[in-house]
Structures are given as C-alpha cells and as structure tokens.
Amino acid sequence: MDLFLVLFCVASLHWSLSIICFPDKEDESGPIILHLDSLGLHSSRSVFENIKSYLIKERNYLSKECASSDVPIADRIWKSLSSTIETVIMKVPQQKNEYDCGLFVLYFIRRFMEEAPDRLKKKNLAMFSKKWFKPEEASSLRAKIHKLLVAELHSSVKPDGINESSPSSAGDAIECNETAKDSSSSSAGAATECDETAKDSSIKDGITSCDSLMIE
C-alpha cells in the first residue's frame, strides 16, 4: 500500500487538499487524515467524515477479499479502524487572492512529498505551519507551469510546422502532392477561363475593390 493517499477536495469554486497517512504494520496507531486549505473555506469536518466513510467501506470490502496478512495495517488497528483514525486540520500558508487555490494545492503536494518522512506520525506535524513557505512561492507556479507548457508545445512541433505526433507519413504526403499536381493540371484550362470571366465581371460591375481586399 502507498504511504500516502492524496485527495483533491473541490467545492464552492475552491480547491483544498486532503492527505491520508498510513502507518507501518508494526505501529499501534491508525491512519492520519490531514486537511490543507489555503483559504479555510471548506468544512474540514465534512471532509473528514467523507474520507472516514470511504476508508471504512474499503476496509469492509478488503476484509472479505483479502487475508489479514495482506493488509498493511496492524490487525488490531484494522479491525477497529473507525475508532483509530485521527484527523488534523493543518495550519498552512494562506493565499492572498481568490484564484490561486489550485496552485496552492499543487505546491502543498510538492512540498509535502519533499519534506515529510516516509511514515508520517502525529509528532512530525510540527514541521508544517503558516510559515511553512511564503505564499508567493505557491503563486509563482503559474509562470513556471506556463513556461513548461509552452516549451512542451514547441518541442512537439517540427521546424516545418508539422506536429511530431501527426500520423501522416512521407509516402502519404508524396501521394497527396502528386494528386494535387494532377488535379491542378487537369483543371488549368477551367481555372484560366474562370479567372478571365471574373476579371470581366469585376470591371463591368465596378467592384474592382474586391480584388484588393482579397489580396490583403
């Protein structure tokens, strides 16, 4: 089982983050559910209740499908999971506007995965606070993500403007080119006749200005 389960909480046009931290099988403590909200807008109580309900249902399902030895949590904790889950509302840096919540969620994940121990315990939570990082660090992700997306777009397009992922082959291009040439040759007479007719019409009707518009 993974050490952490990351969940995105989306409601009221706002994003927050929840992280489930699973204990070692040797530990006598249950999972810890963390809630990180850069605006304090979401109800942590509702978030915790929903996640607890999910974990208990998952426990009931796995108890029927898996042997107890396959479950990565101590048997005693597993059997009394509903009473051993701990919840913590994390005090985290707050955004300074109404639209950076998604960036803060991404930055929370990045910093948490970089700094949290493999098996996070309640005593480790002191390392996270409202001074964990400067809010500007999370907000700066917008420019970094934009730069990465532009670089990815440029790398996927060849100098001649053909997308690298295009399924067309050189053979298809040659065949298409030859077809275009044949079509052009066969219709040259008709095109010339049409062009002469158009010229006569534009002179007679006094709409010569259309030619200049077409050229522009």
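The values are calculated or read from the model by the stated rules, or taken from the named source; none is laboratory data. As the structure is a computational prediction, the values presented were derived from the model and not from experiment. Because the Cβ atoms are built from the backbone with ideal geometry, glycine has one as well, and the counts that use them run over all protein chains shown.
Report whether or not residue 56 is among the β-branched types (Val, Ile, Thr) and under 21 Å from residue 123 (Cα atoms).
no
Can you pull out the residues in the range 106-128 that are more than 15 Å from residue 22 (Cα to Cα) and not β-branched (Val, Ile, Thr)?
Selection gives 106, 107, 108, 110, 111, 114, 115, 126, 127, 128.
Take the range 58-95 and flag every residue that is of a type in the set (Lys, Arg) and either at pLDDT 90 or above or on the phi > 0 side of the Ramachandran plot (or both).
Of everything in the range 58-95, just one residue is of a type in the set (Lys, Arg) and either at pLDDT 90 or above or on the phi > 0 side of the Ramachandran plot (or both), namely 91.
One line per residue, one yes/no per condition, for (1) over 26 Å from the mean Cα position of the chain (by Cα); (2) crowded, with 16+ Cβ neighbours inside 10 Å:
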position: 33; (1), (2): no, yes
position: 61; (1), (2): yes, no
position: 65; (1), (2): yes, no
position: 77; (1), (2): yes, yes
position: 84; (1), (2): yes, yes
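If you go through the range 106-119, how many residues are surrounded by fewer than 21 Cβ atoms within 10 Å (Cβ to Cβ), within 12 Å of residue 137 (Cα to Cα) and in contact (Cβ under 8 Å) with a residue 12 or more places away in the chain?
2
Among the residues of the range 132-140, are any within 19 Å of residue 8 (Cβ to Cβ) and assigned to a helix (DSSP H, G or I)?
Yes; the residues of the range 132-140 include at least one that is within 19 Å of residue 8 (Cβ to Cβ) and assigned to a helix (DSSP H, G or I).
Identify, by number, the condition in (1) touching a strand residue (DSSP E or B) at 6+ places or on another chain (Cβ under 7 Å); (2) at pLDDT 90 or above; (3) part of a strand (DSSP E or B); (4) among the aliphatic types (A, V, I, L, M) that residue 10 doesn't meet.
In the conditions (1) touching a strand residue (DSSP E or B) at 6+ places or on another chain (Cβ under 7 Å); (2) at pLDDT 90 or above; (3) part of a strand (DSSP E or B); (4) among the aliphatic types (A, V, I, L, M), residue 10 misses (1) alone.
Working only within the range 13-37, note down all residues that are modelled with pLDDT of 95 or more and assigned to a loop (DSSP other than H, G, I, E, B).
If the condition is that a residue be modelled with pLDDT of 95 or more and assigned to a loop (DSSP other than H, G, I, E, B), then 37 is the only one that fits.
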